Amino acid sequence: MAGWSLTVHDAKTGAHKTSVEPADSAWSTAIAPDGTTTETFIVNDADAPWPPGRVDDLFLPNDRLLARWWGDHCMYAQKVEDYAYEKDTGKVTVTTVDLITEAEWRLLGGVDGAEPGNEVPPLVVTNQSPRAAIGAAFARMMQWDEKWHYPIDVPGAEAGPISGQWEFLKKYRISDVIQQISERAGVEVYLRPYRTSDDGVRFAVEVAQAITVGTSSMNLAADDCPISAITYRKSGSRQVTGLLGVGNGTGEEQETRWQGRAPYLIPIRDTKQSFPDQTGDDLQQATDTYYEANRLPIAQWSVGAFTISDDWPPSHAAPGRRWLVESHGDPVIPDDVHPLRVIKVSGGNGYQLKTEVQSG
């Protein structure tokens, strides 16, 4: 059976630098931008001590990526956030985070963008698909010169319903633009890492209402079923019968839209949800999307363990992987094929992973 490997890459280009062997690992990666990892290295081993400067060369914060592989499948590729060295033990613990969080550290241009001669033009999107509109935000994030680059594949133009204009003087970050477009369209955004032909790493921009990357079918009664420690819950904690979407403005001038319809199968649960800066049709669309997602009780699954094997490599538990889980004869879980989707996965150097899944 294959095993794990870990590589170091240049953050601007994704170019491969070297392979490394961690002594301990605790990693997670997710559709939502909340993946974080610690990889621990021993640098004072008597048989293979690290030379001076090697730690900074490999783990310089913000300038390096760490990528975890199972064969050619990239389980995560994250940006080095910091490292901590314990002199007494010789341990270096490297912390990494999802690359998309760097959009919080980019404005629409350089900080001198309001100075005469350096004026940053507005970011304008006209009648584009959500994927193309978000691609335009990533393009602006990296467009100026090589110091602004990341190994992100920017989607091209594609006709659709999204239009908007974002001015530099309004101090938008790239993450603000991505969030606004995502809320309008009701989509997720995921930077999916993959191996290049020269052993580098790059990121594909995945945009969808529910991002899926491949499908796996499994039967809960099968001897080789890879998932276990399952909890099934039916939750109405977020269920609504009507929704008031609250958008741009303040007080009585604040713009609102609503959605709700009969039949009402439960006591009324009408409430509000804020969609800052949204107006008009965009506010209505955001309100409709939230309402539809929370109109009915939600079947929630917790899958505490995914066991890696030759038949079930970790690519079957990667973020965005769709599971068709067949159940028969269970006293609670209905007899059916239940569609689930992996939204987060975590693990270490071993063969057991922990997943977070959503229904649908």
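The values are calculated or read from the model by the stated rules, or taken from the named source; none is laboratory data. Every value quoted in this text rests on a predicted model; they were computed, and no experiment measured them. With ideal geometry, Cβ positions are generated from the backbone for all residues, glycine too; neighbour counts draw on all protein chains shown. These accessible areas exclude ligands, DNA and RNA; they are computed on the full protein's heavy atoms, side chains included. Shrake-Rupley method; radii C 1.70, N 1.55, O 1.52, S 1.80 Å.
Computed quantities for the displayed model
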{"quantity": "Heavy-atom SASA rank of ILE266, ILE211 (probe 1.4 Å, accessible area, largest first)", "calculated": "ILE266, ILE211"}
{"quantity": "Solvent exposure of the chain as accessible area per residue, Å², 1.4 Å probe", "calculated": "50 Å²"}
{"quantity": "Cα Rg over Rh - the chain, Kirkwood", "calculated": "1.01"}
{"quantity": "Qualifying GluC sites (Glu not before Pro) in the stretch 242-308, DSSP loop, other Cβ atoms within 10 Å at most 12", "calculated": "none"}
{"quantity": "The chain - percent of accessible surface contributed by carbon and sulfur, probe 1.4 Å", "calculated": "48 percent"}
{"quantity": "Over the stretch 186-281: Rg over Rh, Cα atoms, Kirkwood Rh", "calculated": "1.14"}
{"quantity": "The chain - charge dipole about Cα centre, Lys and Arg +1 at Cβ, Asp and Glu -1, debye rounded to 20", "calculated": "720 debye"}
{"quantity": "Bins of 10 Å, starting at 0 and running to the largest distance - Cα pair percent for the stretch 251-316", "calculated": "15, 32, 20, 17, 14, 2, 0"}
{"quantity": "All Cα pairs of the stretch 108-184, percent lying beyond 17 Å", "calculated": "44 percent"}
{"quantity": "Exposure of HIS16 as accessible area (Å², to 10), given a probe of 1.4 Å and all protein chains", "calculated": "80 Å²"}
{"quantity": "At least 20 Å along the helix axis (C-alpha) and Kyte average at least -1.0, DSSP helices within the chain", "calculated": "none"}
{"quantity": "Low-density loop positions, chymotrypsin sites (Phe, Trp or Tyr not before Pro), the stretch 73-105 - DSSP coil, at most 14 other Cβ in 10 Å", "calculated": "none"}
{"quantity": "More than 26 angstrom apart: percent of Cα pairs within the stretch 1-151", "calculated": "38 percent"}
{"quantity": "Normalised alpha carbon radius of gyration of the stretch 236-360 [divisor 2.2 N^0.38 Å]", "calculated": "1.42"}
{"quantity": "Selection from ALA136, PRO49, VAL97, by position along the positive dipole direction of the stretch 35-150 (Cβ)", "calculated": "ALA136"}
{"quantity": "Spin-label model distance (nm) - LYS171 vs SER235, 7 Å beyond Cα toward Cβ", "calculated": "3.5 nm"}
